[in-house]
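Nothing in this text is a laboratory measurement; each read-out follows from the coordinates by a stated rule. As the structure is a prediction and not an experimental result, all values here were calculated from the model. Backbone-built Cβ (ideal geometry, glycine too); neighbour counts: all protein chains shown.
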């Protein structure tokens with residue numbers, strides 16, 4: 001990458017291009033948006049976000065990049081939402097969520113953006129789940145998570161939001177939580193991760209969810225698949 005970033009807003013893939021938004025670089029977050037092109041193995045700096053951004057999350061809906069911001073470097077925890085359109089290389093600011101979500105779980109399901117947990121506006125753990133509907137341009141608060149966590153890995157798989165591990169305020173956990181939008185209900189899966197971990201990230205490949213080991217697991221570069229059929 002052209003510069004070192006940490007506690008960024010995640011990444012999204014649109015038209016086989018990898019987009020990476022925001023992140024701290026030194027004493028302040030940046031507003032940078034980077035695009036990586038695998039065939040040419042090159043990075044390009046695109047139009048920057050409307051504000052400094054970090055500690056958020058990213059989801060892709062209808063070939064657009066939706067990015068939440070929890071840290072702007074100045075005002076504590078924020079609740080911003082912005083959308084980037086690669087076709088125009090431009091950002092649009094959208095209504096913010098009711099609660100701030102620093103290092104939340106996120107998933108795009110049925111053209112809606114689900115954001116769960118993390119740290120709220122006071123810096124305390126939150127189990128709040130909110131969903132943004134682009135068609136209505138509005139947020140709705142949904143059923144709360146069974147266990148409030150931050151820095152968890154998450155994926156959207158088979159129409160549900162899966163949240164893996166995270167930190168519950170006293171330490172890293174190995175729990176797997178799943179949210180069903182049709183029932184507006186959470187469940188805690190019987191299967192747990194091989195080790196308690198946080199600071200990980202998730203991805204879906206061939207219908208399975210994979211995550212890197214993350215902090216606290218002591219097993220870097222290992223991955224744990226979770227089958228969607230697990231009760």
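What the table below lists for this structure:
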item: The chain, Rg to Rh (Cα coordinates; Rh as Kirkwood inverse mean 1/r); result: 0.94
item: Whole-number Å³ per residue for the convex hull built on Cα positions in segment 97-231; result: 96
item: Two-site FRET efficiency, residue 144 against residue 208, from Cβ-Cβ distance with R₀ of 30 Å, rounded to 0.05; result: 0.65
item: Stretchable slack from residue 43 to residue 4, in nm (0.36 nm times residue separation minus alpha-carbon distance); result: 12.7 nm
item: Cα-Cα pairs of segment 1-122 separated by more than 23 Å (percent); result: 23
item: Cα convex hull volume per residue for segment 155-212 (Å³); result: 87
item: Segment residue 25-residue 64, length gained on full extension (0.36 nm per residue, minus Cα span); result: 11.5 nm
item: Between segment 88-156 and segment 22-39, the alpha-carbon center distance in angstrom; result: 21
item: Förster radius 25 Å - calculated FRET efficiency between residue 16 and residue 192, Cβ distance, rounded to 0.05; result: 0.15
